[in-house]
Amino acid sequence: MGVNLAAVFLVGLLGSVHCAGMCGGIVGALSLAPPRAGAAVIALRTAVAPALPRTLAYNLGRIASYGTAGALAGGLAGGALRLGALPALQALAYVLANLLLLALGLYLMDAWRGIARIEAGGQAIWRRVAPLLRRIGPPDTAGRLFLAGAVWGWLPCAMVYSVLVTAMLSGSAAGGAAVMLAFGLGTLPMMMALGLAGARLRTLLRLRAVRLACGALVLGFGALGLARAAGGLPVSWLSMVCIGPGSAP
């Protein structure tokens, strides 16, 4: 069962407004990370080094973690499908994915924050992963920045979890990885801009009009996906904008 990667990309692009509030502090810390103590030459080099390569390095690490999580989700779901049951489970996952999009849209619009409970549930995973940041050391090289971003990719995030459900719809490790990589690439423009523009962009993204517009679009994706599941709207054009099964690869 294929998944429309263009729609997943758009969800990442629009939903990344959420990242400005949740991850803005992490982005700032990685973009302006101090060099090793006592190394004056490195300090000077870090101060004048372009921000673009640093920002790209840790974002690539973050997206790599998304791809890994997607491969795990898709692979596990694919194994379950091969055991037997499972058009009904696929249909259930499709509905759940679009319900999560509805909840994410409401969250972005500040209309309902219940989805934040999902992020709270992910704290158990984060507590196990976060200590790795200390082992990496100061993020003053491209390799360390990539590794720091890879750890950051496991930060509890309701938006990521909602797309992971869609990754499960792919039914394979490769398909799940593709879904999460498309989502990660959708978030990349915003996260790169946050790393380069910092607080100024975060201020803009906190504007109610911006959050309402992005939230309404994400909400619309979920509503259209549910309408498609119910058979009330034609598939031909909905496949361009809905999260869920596309044409088989």
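General remarks:
- Matching entry among THR203, THR141 (being open to solvent by 30 Å² or more (accessible area, probe 1.4 Å) and over 25 Å from LEU106 (Cα atoms)): THR141
- Options GLY186, GLY195; residue that is over 23 Å from ILE118 (Cα atoms), open to solvent by less than 30 Å² (accessible area, probe 1.4 Å), in a helix (DSSP H, G or I) and not β-branched (Val, Ile, Thr): GLY195
- Among (1) at negative phi; (2) surrounded by 19 or more Cβ atoms within 10 Å (Cβ to Cβ) - the single one LEU133 does not satisfy: (2)
- Contact annotation: residue pairs with Cβ atoms under 6 Å, 6 or more positions apart or on different chains, pairing a residue in the range 164-180 that is within 10 Å of LEU72 (Cβ to Cβ) and open to solvent by less than 20 Å² (accessible area, probe 1.4 Å) with a partner that is modelled with pLDDT under 90 and not in a helix (DSSP H, G or I), are GLY176/SER170.
- Of the residues making up the range 138-156, those that are assigned to a loop (DSSP other than H, G, I, E, B) and at pLDDT 85 or above are THR141, GLY153, TRP154, LEU155.
- Selection status of GLY121, within 20 Å of GLY171 (Cα to Cα) and either modelled with pLDDT under 75 or open to solvent by 30 Å² or more (accessible area, probe 1.4 Å) (or both): no
The values are calculated or read from the model by the stated rules, or taken from the named source; none is laboratory data. The shown structure was predicted, so the numbers you read here are calculated from the model rather than taken from an experiment. Counting neighbours? That spans all protein chains shown, and the Cβs are built from the backbone with ideal geometry, glycine included. The area values use the complete protein model at the heavy-atom level, side chains included, leaving out ligands, DNA and RNA. Shrake-Rupley method; radii C 1.70, N 1.55, O 1.52, S 1.80 Å.
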